[in-house]
Amino acid sequence: MSKTSYRHLFGPVPSRRFGRSLGIDLTPFKTCSFDCIFCQLGRTTNKTAIATEYVPAQEVLTELADWLKNDTAADFISLAGSGEPTLNSAFGQIIDVVHRECKIPVALLTNGTQLIHDDVRLQAAKADVIKLSLSAWDQQSLDVMNRPVDGVQFSELIKGMQDLRQICNNQIWLEVFLAWGINTAPDDVRKIAKLAASIAPDKIQLNTAVRPPCEDFARPVPKEQLLRLAELFETKADPIAEFSSDHSSQVQATEADVLVTLQRRPCTLGQLCAVFGLHRNEASKYIGKLLRTGQIVEQRKDSEWYYTGVHQAKS
Ligand code: SF4
């Protein structure tokens, strides 16, 4: 099996939190209980809270076994990708197998909506790092920022996260996504900070639209403002550092690898060079060809160009 024939594994991709991260995509594009205004994947096409085995666990595990035979240079294996991973009812089983088969830590990136269920919390608590998201302080702001599927109650969402903390000794990192002028009034950020403290995460990370968001109006917060807002958190809140990885020099990439990565995650030229250990000239050559053949598009965000793979529906 070649890496480019994987349907559920992607990358390793550059991640500002997780270094060089092998992604496991547990949902079809784009299946999520949220439709966040800042989502870098675009709008949610299947907004749902129904959990099922969207992607068969056996297919994922076959690809993972193949990857582990050939390549184990990753800082994390991340359950993330085209939607909300905890909507896949087999996500806990996949964490178990990763732990059994290798020593690479597992990161679960979740919006937290499924944590209202006891069994989902038990499965989630097995991940080495659970990255939760919080960008709202009440139901109305949740509806604006995250546009959840009908039935998601803000109070239950927060309680699910607090209850996870009660049973989880592994790392819980809380990402607070701020969109300039939407959830950045100091009083509102103070309310988010208070809720964040009630969840007692090990880390709080502030994020903003450094990659092209789903909605143009989800504008990035200027760096000085982000630093000022970080001071409103009782627990130290860090704006997320730019990507870097010790493994970058060990990786070689083909044009197909670059395309698969860009189909999952918009990257700058510099990020591609960092994660794949490519020389700028070589990465530029791939980018140029992929642009000319319409397989990727470019989009300017502040002073940087981001490249995004044109999504191909899976058959
Ligand atoms: S929860 Fe994540 S995948 Fe879902 S819409 Fe929000 S940012 Fe996108």
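A search for C-beta distances below 6 Å between a residue of the range 19-46 that is free of Cβ contacts under 8 Å to residues at least 12 places away in the same chain and any residue that is more than 9 Å from the ligand (Cβ to nearest atom) and not acidic (Asp, Glu), counting only pairs 6+ apart in sequence or on different chains, returns nothing. Kindly indicate whether any position in the range 33-47 is more than 9 Å from the ligand (Cβ to nearest atom), surrounded by fewer than 17 Cβ atoms within 10 Å (Cβ to Cβ) and among the basic types (Lys, Arg). No, every residue in the range 33-47 fails to be more than 9 Å from the ligand (Cβ to nearest atom), surrounded by fewer than 17 Cβ atoms within 10 Å (Cβ to Cβ) and among the basic types (Lys, Arg). If you check Asp96 against the conditions, is it at negative phi, open to solvent by 50 Å² or more (accessible area, probe 1.4 Å) and in contact with a helix residue (DSSP H, G or I) (Cβ under 7 Å, 6 or more places away or on another chain)? Taking the combined requirement at face value, the residue does not satisfy it. For Ala124, the criteria (1) open to solvent by 10 Å² or more (accessible area, probe 1.4 Å); (2) at pLDDT 95 or above; (3) over 22 Å from Ala237 (Cα atoms) hold in every case but one, which is (1).
Within the range 254-274, the set of residues being charged (D, E, K, R) and surrounded by 21 or more Cβ atoms within 10 Å (Cβ to Cβ) comprises Asp257, Arg264, Arg265. Could you count how many residues in the range 142-193 are open to solvent by 70 Å² or more (accessible area, probe 1.4 Å), assigned to a helix (DSSP H, G or I) and under 19 Å from Gln225 (Cα atoms)? Residues in the range 142-193 being open to solvent by 70 Å² or more (accessible area, probe 1.4 Å), assigned to a helix (DSSP H, G or I) and under 19 Å from Gln225 (Cα atoms): 3 in total. Restricting attention to the range 173-212 and to residues that are touching a Leu at 6+ places or on another chain (Cβ under 8 Å) and of a type in the set (Lys, Arg), the residue that is farthest from the ligand (Cβ to nearest atom) turns out to be Arg190.
Taken over the range 106-117, residues that are under 16 Å from Ala49 (Cβ atoms) and either open to solvent by 20 Å² or more (accessible area, probe 1.4 Å) or within 12 Å of the ligand (Cβ to nearest atom) (or both) amount to 7. Among the residues of this structure, Arg16 does not count as one that is within 16 Å of the ligand (Cβ to nearest atom), in contact (Cβ under 8 Å) with a residue 40 or more places away in the chain and either farther than 20 Å from Ala107 by Cα or among the aromatic types (Phe, Trp, Tyr) (or both).
Could you please let me know if Ala127 is in contact (Cβ under 8 Å) with a residue 40 or more places away in the chain, away from the ligand (no atom under 15 Å from the Cβ) and either in a loop (DSSP other than H, G, I, E, B) or on the phi > 0 side of the Ramachandran plot (or both)? Considered against the rule, which asks whether it is in contact (Cβ under 8 Å) with a residue 40 or more places away in the chain, away from the ligand (no atom under 15 Å from the Cβ) and either in a loop (DSSP other than H, G, I, E, B) or on the phi > 0 side of the Ramachandran plot (or both), Ala127 comes out as yes. Pairing each residue of the range 289-301 that is assigned to a strand (DSSP E or B) with any residue that is open to solvent by 80 Å² or more (accessible area, probe 1.4 Å), provided the two are 6+ apart or on different chains, yields C-beta distances under 8 Å for Glu298/Trp305; Gln299/Trp305.
Across the range 215-230, the qualifying residues are those that are open to solvent by 100 Å² or more (accessible area, probe 1.4 Å) and in a loop (DSSP other than H, G, I, E, B), and the one among them that is nearest to Ala196 (Cα to Cα) is Arg219.
The values are calculated or read from the model by the stated rules, or taken from the named source; none is laboratory data. These numbers come from a predicted model, not from an experiment. Note: ideal-geometry Cβ built from the backbone for every residue, glycine included; neighbour counts use all protein chains shown. Keep in mind that these areas ignore ligands, DNA and RNA; they rest on the heavy atoms of the full protein, side chains included. Shrake-Rupley method; radii C 1.70, N 1.55, O 1.52, S 1.80 Å.
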